[in-house]
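One structure below.
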Amino acid sequence: MPFRIKVIGEPDADEAASLIDECTALLKNCNDVVVALEEHAKTKAARLVNISGRQRMLSQRIAMLYLA
């Protein structure tokens with residue numbers, strides 16, 4: 001909940017670096033879950049969905065870092 005409050009709250013330049021660090025940790029944890037789901041599914045479709053999701057995540061991350 002504290003992370004969500006930071007994300008939807010007023011922008012604060014002093015909090016930007018810590019917010020980026022928290023975003024990075026969240027993305028890593030989300031990726032770990034997706035990899036586990038992909039391994040559990042053991043299908044080619046699951047691999048393709050993971051790749052497309054990763055590409056979307058990376059483009060969003062680039063945008064976040066550019067704006068920061």
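Taking segment 10-21, which residues are surrounded by 10 or more Cβ atoms within 10 Å (Cβ to Cβ) and more than 15 Å from Leu67 (Cβ to Cβ)?
If the condition is that a residue be surrounded by 10 or more Cβ atoms within 10 Å (Cβ to Cβ) and more than 15 Å from Leu67 (Cβ to Cβ), then Ser18, Asp21 are the ones that fit.
Can you pull out the residues in segment 42-62 that are without any contact (Cβ under 8 Å) to a residue 12 or more places away in the chain, of a type outside the set (Val, Ile, Thr) and open to solvent by 50 Å² or more (accessible area, probe 1.4 Å)?
Hits for segment 42-62 are Lys42, Lys44, Ala45, Arg47, Leu48, Ser52, Gln55, Arg56, Leu58, Ser59, Gln60.
Under 8 Å between Cβ atoms, which residue pairs at least 6 apart in sequence (or on different chains) link something in segment 16-33 that is farther than 25 Å from Arg47 by Cβ with a partner that is among the aliphatic types (A, V, I, L, M) and loosely packed, with under 12 Cβ neighbours inside 10 Å?
Listed by first residue and then by second, the contacts come to Ala16/Ala68; Leu19/Val7; Ile20/Leu65; Ile20/Ala68.
Right, Glu39: modelled with pLDDT of 90 or more, out of contact with any helix residue (DSSP H, G or I) (no Cβ under 6 Å at 6 or more places or on another chain) and in a helix (DSSP H, G or I) or not?
yes
This table checks each residue for (1) of a type outside the set (A, V, I, L, M); (2) closer than 29 Å to Ile5 by Cβ.
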| residue | (1), (2) |
| --- | --- |
| Asp21 | yes, yes |
| Thr24 | yes, yes |
| Asn29 | yes, yes |
| Asp32 | yes, yes |
| Thr43 | yes, no |
| Arg54 | yes, yes |
| Ile62 | no, yes |
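Would you call Val33 touching an Asp or Glu at 6+ places or on another chain (Cβ under 9 Å), open to solvent by 70 Å² or more (accessible area, probe 1.4 Å) and more than 26 Å from Ala68 (Cα to Cα)? Step through it out loud before you land on a result.
Details: touching an Asp or Glu at 6+ places or on another chain (Cβ under 9 Å): no; open to solvent by 70 Å² or more (accessible area, probe 1.4 Å): yes; more than 26 Å from Ala68 (Cα to Cα): yes.
No: the conditions fail for Val33.
The values are calculated or read from the model by the stated rules, or taken from the named source; none is laboratory data. Bear in mind the structure is a predicted one, so any value in this text is a computation, not a measurement. Methodologically, a virtual Cβ is constructed for each residue, glycine included, from the backbone with ideal geometry; neighbour enumeration extends over all protein chains shown. Areas reflect the complete protein model, heavy atoms only, side chains present, ligands, DNA and RNA absent. Shrake-Rupley method; radii C 1.70, N 1.55, O 1.52, S 1.80 Å.
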